[in-house]
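Read-outs: derived from the displayed coordinates by stated rules, not from any lab. Predicted, not measured: the structure shown is a model, and the values here were computed from it. Cβ placement follows ideal geometry from the backbone for every residue including glycine, while neighbour counts extend to all protein chains displayed.
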Amino acid sequence: MGPTAEKMGNGFTYSDYLRWPEDERWEIINGKAYAMTPAPSIRHQKISMYISSLFAQHLKGKGCQPFHAPIDVVFDEANIVQPDLLVICDKSKITEANIQGAPDLVIEILSPSTALKDKREKKALYERFGVREYLIVYPAEELVERFLLGDGRYSAPEVFGWDEVLPLAVFPELHLNLWEVFDRQLPQPEAVEP
């Protein structure tokens, strides 16, 4: 059975996590367990699938490996998360069981049940462990916040709307057309009468 109450002492660890049922999804941040339920919405899944397929297509053969949830990222014994999407360029961090250490890029797609954790606890965790670029996707608002790591701290967020192109800092050759991410149509320019 998964955690049902706060554990005393140092909190939950990766050893505890490995004993929880496989049909339950949990994350541990600073020793505190967070349930990953309910399942993501259809819109969340569509956004995730679009970005995942774009990464698979454009990063193939470039030395970096994209992954999508569920996959465990183990920062240390008290910090295990399952980001929606991530990219690893250091292949030594990839094991048969999980990812060991900080991804180069993490994308979290907000759900009502996880929004606060993604914006607060996970952002602080990713900053502390050195995730170079962190994107938070807001499906309802159709915008993306980007945090870039510099001198061990995240910069103020850059905000991109649905009708903009988001150039990835970690992969400058790769751009996200956000209207495609959010499944929107750009307005067509009006024809000018001669």
Just want the answer: with Cβ charges of +1 for Lys and Arg and -1 for Asp and Glu, which residue in 114, 78, 55 is farthest toward the dipole's positive end in the chain?
78
Net charge of Cβ neighbours under 10 Å - reference residue 171; Lys, Arg +1; Asp, Glu -1:
-2
Which distance in Å, rounded to a whole number, links the C-alpha centroids of region 17-59 and region 120-194?
19 Å
If I stretch the segment between residue 57 and residue 22 completely, what's the gain in nm (0.36 nm per residue apart, minus their alpha carbon distance), one decimal?
9.6 nm
Taking the Cα centre as origin and putting +1 on Lys and Arg beta-carbons and -1 on Asp and Glu beta-carbons, what dipole magnitude results for region 38-181, to the nearest 20 debye?
180 debye
Within region 56-104, what percent of beta bridges assigned by DSSP are antiparallel, to the nearest 5?
80 percent
Using square roots of five times the C-alpha gyration tensor eigenvalues, list the equivalent-ellipsoid semi-axes of region 85-169 in whole Å, biggest first.
22, 15, 13
Starting from the Cα-Cα distance between residue 50 and residue 95, subtract it from 0.36 nm times their residue separation and give me the gain in nm to one decimal.
13.7 nm
Could you state the angle between the C-alpha long axis of helix 42-59 and the longest principal axis of the C-alpha atoms of the chain, as a value from 0 to 90 degrees rounded to the nearest 10?
80 degrees
Springs between alpha-carbon atoms under 10 Å, Gaussian network over the chain: tell me which of 151, 16, 90 tops the mean-square fluctuations.
151
Could you work out the helix-only [θ] at 222 nm for the chain, with each DSSP H run of four or more residues adding -39,500 (n - 2.57) and the total divided by the number of residues, to the nearest 500 deg cm²/dmol?
-6000 deg cm²/dmol
Paramagnetic reach from residue 129 (point 7 Å along Cα→Cβ, amide N under 19 Å) across region 32-51:
32-37
For region 38-181, diffusion coefficient by Stokes-Einstein and Kirkwood Rh (Cα), 4 °C, 1.567 mPa s, µm²/s
85 µm²/s
Taking the Cα centre of region 1-113 as origin, work out the dipole magnitude from +1 charges on Lys and Arg Cβ and -1 charges on Asp and Glu Cβ, in debye rounded to 20.
420 debye
